[in-house]
Amino acid sequence: NETALLGAAEIRDLADRAGIRPTKTLGQNFVIDPNTIRRIIATAEIGPGETVLEVGPGLGSLTLGILDVAERVVAVEIDPPLAAQLPDTVARYRPESANRLDVVLADALKVRELPVAPDAVVANLPYNVAVPVLLNLLDRFPSIRHGLVMVQDEVADRLAAQPGSKIYGVPSVKAAWYADVRKAGIIGTNVFWPAPKIRSGLVSFARRAEPLADVDRTTLFAAIDAAFAQRRKTLRAALAGWAGSSERSGKILEAAGIDPGLRGEKLGIEEFIRIAQAADIHPD
Ligand code: SAM
């Protein structure tokens, strides 16, 4: 039902009714352009039986679009007035879909339980916490098999970056642990109210069918953090704190078959996995 996607007038009206003024601290930039919603929905490739997790439904413009293609939507919103108005908004614009929506008032950085297991994520993420929210969801909810998120364009590039590129870093490697990640488009600033200063990017991901390796995730992520905390240092030096000494980091790298003189930005997720596995069999 295309007529019921929300435009600028409807979004402002909904905000007025709920007494909401968008706040920067919560990354509240609402999509006011139905074509952008259509594009997000088309790119997300949601199957008819799927339950979709939406983080930050805001005033509901994307929520209505997801309800049109999904079986069920679980919307996690941190801001109480926004969470409170969402069922009313859906009842008004999609009365037949109201019983297919669950609203959860929670912080997506911390949420541990959902009323139903989601198959996918579709979200216009709050930009200041986009990466940790995405990683938390992938970690916390193994039922999530794929997704499409909108983030700052630069963050989209980072998430999809490959080893050796300038912007390759912690988000790129950690996201690659969970999923195949690719950039799926660019969105201008004028489709939002209020308009952000920088453009946005779409990122799509597909979770790996099997984990890449049997490795302790905490050890793995600590090694990744250490390698990039001191980007300019060699791996042997950068991993010394993590390993306990530069002697041990040297040994671990040798056992992993990785040149200790390289920098972390050259390593893919597979190499970091070898490092974490070598650390396991080299206790001090
Ligand atoms: N989906 C809406 C849209 O596209 O118009 C709003 C997107 S807006 C960029 C981000 C939304 O995330 C806001 O509704 C904001 O209140 C919410 N939010 C911010 N931080 C959050 C958090 N930690 N957990 C859950 N929701 C959050």
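Table for the structure above
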{"read-out": "Overall form of the stretch 131-237 per C-alpha gyration tensor (a/c, 1.5; a/b vs b/c)", "value": "oblate"}
{"read-out": "Helix-derived mean residue ellipticity, 222 nm - over the chain, DSSP H n ≥ 4, -39500 (n - 2.57), to 500", "value": "-11500 deg cm²/dmol"}
{"read-out": "Most mobile listed residue (ALA44, ALA156, ALA209) in the chain, GNM with C-alpha springs under 10 Å", "value": "ALA209"}
{"read-out": "For the stretch 92-178, diffusion coefficient by Stokes-Einstein and Kirkwood Rh (Cα), 4 °C, 1.567 mPa s, µm²/s", "value": "89 µm²/s"}
{"read-out": "Projected-area mean, the chain, by convex hull of Cα positions, square nanometres", "value": "14.8 nm²"}
{"read-out": "Cross-link table LYS24/LYS197; LYS110/LYS197; LYS174/LYS197, entries beyond 20 Å C-alpha to C-alpha", "value": "LYS110/LYS197; LYS174/LYS197"}
{"read-out": "Given the chain, longest segment not containing exposed loop GluC sites (Glu not before Pro) (DSSP; at most 16 other Cβ within 10 Å)", "value": "114-284"}
{"read-out": "Antiparallel bridge percentage (DSSP; both residues within the chain; nearest 5)", "value": "50 percent"}
{"read-out": "Value of D in µm² per second that Stokes-Einstein yields for the stretch 1-152, Kirkwood Rh from Cα pairs, at 25 °C (0.890 mPa s)", "value": "162 µm²/s"}
{"read-out": "Cα-based shape type of the stretch 95-135, given that a ≥ b ≥ c are square roots of the gyration tensor eigenvalues and the cut on a/c is 1.5", "value": "prolate"}
{"read-out": "Taking ASP139, ASP33, ASP68 and counting other C-beta atoms within 10 Å, the order from fewest to most", "value": "ASP139, ASP68, ASP33"}
{"read-out": "Sorted by Cβ density within 10 Å, fewest first, the residues ILE252, ILE46", "value": "ILE46, ILE252"}
{"read-out": "Distance between the stretch 222-250 and the stretch 163-207 - C-alpha centres, whole angstrom", "value": "27 Å"}
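Each value in this text was obtained by applying a stated rule to the coordinates, not by laboratory testing. Being a predicted model, the structure only gives us computed values, none of them experimental. Backbone-built Cβ (ideal geometry, glycine too); neighbour counts: all protein chains shown.
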